[in-house]
Amino acid sequence: MGALARIQVVAQDQGRFARFYEAHRDACLRAVLAVVGDRHAAEELVAEAFAKAWAAWRTVQRHPAPAAWVVRTALNTRVSWWRRRRREVALADHDIAAPAIGGTGVDAALMAALRRLPARQREVIALRVFLDLDTETTARVLGIASGTVTAHLARAVATLRGQLVPTPHQEAR
Amino acid sequence: MKDTDVLGAVRESFADVHLMSPLETVIAEGQMRRRRTATVRLSVAMAAVAALGLGALALTGLSTPAVHNGGSGPGVVAQPHIKPAAYTLVRNGDGSVTFTANDIVDTVAATEALNDAGITGRVINMGGDPGCTMTSANINPTDTYPDDTNTWAFRQGESSATFQSSDYPVGGGLLLVVMQFQQQGRERPEVPPPSMAVGVLAFDDAANIPTCLNSDIEPGTGP
């Protein structure tokens, strides 16, 4: 391939990546924030994941759900950080300190309720709500069965409903 | 309140959350990663050569069962090098899977077992196909996850690897490479069996997982 043709291909790739970034940047950040609960960490993770996406754009653009790739990469990067931190710092009671809830730009009560959900339920919520993934795709992204996704979602919704919104039963008391 | 209302409320609560990182910064970081991984690719190839030569270790012949004949006496058939079920695969309580190689493996059966355990990917023996032209240096770092091939390592004596489906992105998978080390020149029957190592490398796209792999150096040519 000649130099000019190569430049044109790179420019086309960059254009596609730019459109992908603009279309999904906020959704990816919201999904990751919903899982990690720390705004600063979420922004760093998502920006890094998008950089990885651009570095591997040839592969990522062929992905069935590129935004899910970014979110999964961001969350896996967080796991790497966590593992590194676990090796470097011996904490007595907790593997990692709970992230600060304040300053996320999200209602504190809702964020606290999300933080109380098990990690897998938070991931299901994040992918279904912010990336609009269907059950099958969510299952593939998380490497679990579709039925498990449905069960996690149902439990998460039931928990959130109970914690955030007064139910008719509670109002009647 | 319906389920959709609850999920809608969650969605709306995040409406003011926006990623502020400029596109130019992300692209610049991505370009830097590309350059870094290209450099890493070269250094990994060199490191692999060094590691394989450590302690005067050499790869044993893996491709075909050896048959020896004593000459004057009756023929002696050596133990075949390839034995089915030369591995164990355990599903752990936390969802991870531990693969342990005790010998070079029946790759078809091992791959099936891996896939049955919920892990997309492939098990191969290093050097299992002498005609294979793929080496670790040929693996494109942008095909791997994360995008650098220095995330894997063979260490003599580490014959187990633990991994899980979240170690690779959707559509991706793992390459498990079983490798056999044997001390150079030791071929007498009283010598303990060679030690095994298992290397794991994640790929963005399962279609890009190599079907075979050969070492970067000729067996026995280490320092």
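For the reader, a short list of remarks on this structure follows.
- The mean number of Cβ atoms from other chains found within 10 Å of a Cβ in peptide A:57-64 is 5, as a whole number.
- Distance in nm between pseudo-label sites at B:M134 and A:S146 (7 Å out along the Cβ direction from Cα): 3.1
- Here's how it looks for B:G121: its modeled amide H is under 5 Å from those of B:L174, which are all 5 or more places away or on a different chain.
- Fewest-first ranking of A:M111, B:M1, using other Cβ atoms within 10 Å as the exposure measure: B:M1, A:M111
- For B:G128, distant residues with modelled amide H under 5 Å away: B:L213
- Extension gain for B:S160-B:N92 works out to 23.2 nm (0.36 nm per residue, less the C-alpha to C-alpha distance).
- Cα centroid of the stretch B:84-132 to Cα centroid of the stretch B:3-26, whole Å: 41
- Most to least packed among B:2-10, A:27-35 [average Cβ atoms within 10 Å]: A:27-35, B:2-10
- Net charge in the neighbourhood of A:A113 (other residues with Cβ under 14 Å of its Cβ; Lys, Arg +1, Asp, Glu -1) is +4.
- Here each label is just a point 7 Å from Cα along the line to Cβ, and for A:Q14 and A:A158 those points are 5.2 nm apart.
Since every read-out is calculated from the coordinates, none of them should be taken as a lab result. Bear in mind that the values here come from a model prediction, so they are computed numbers and not experimental data. We place every Cβ from the backbone using ideal geometry, glycine too, and count neighbours over all the protein chains shown.
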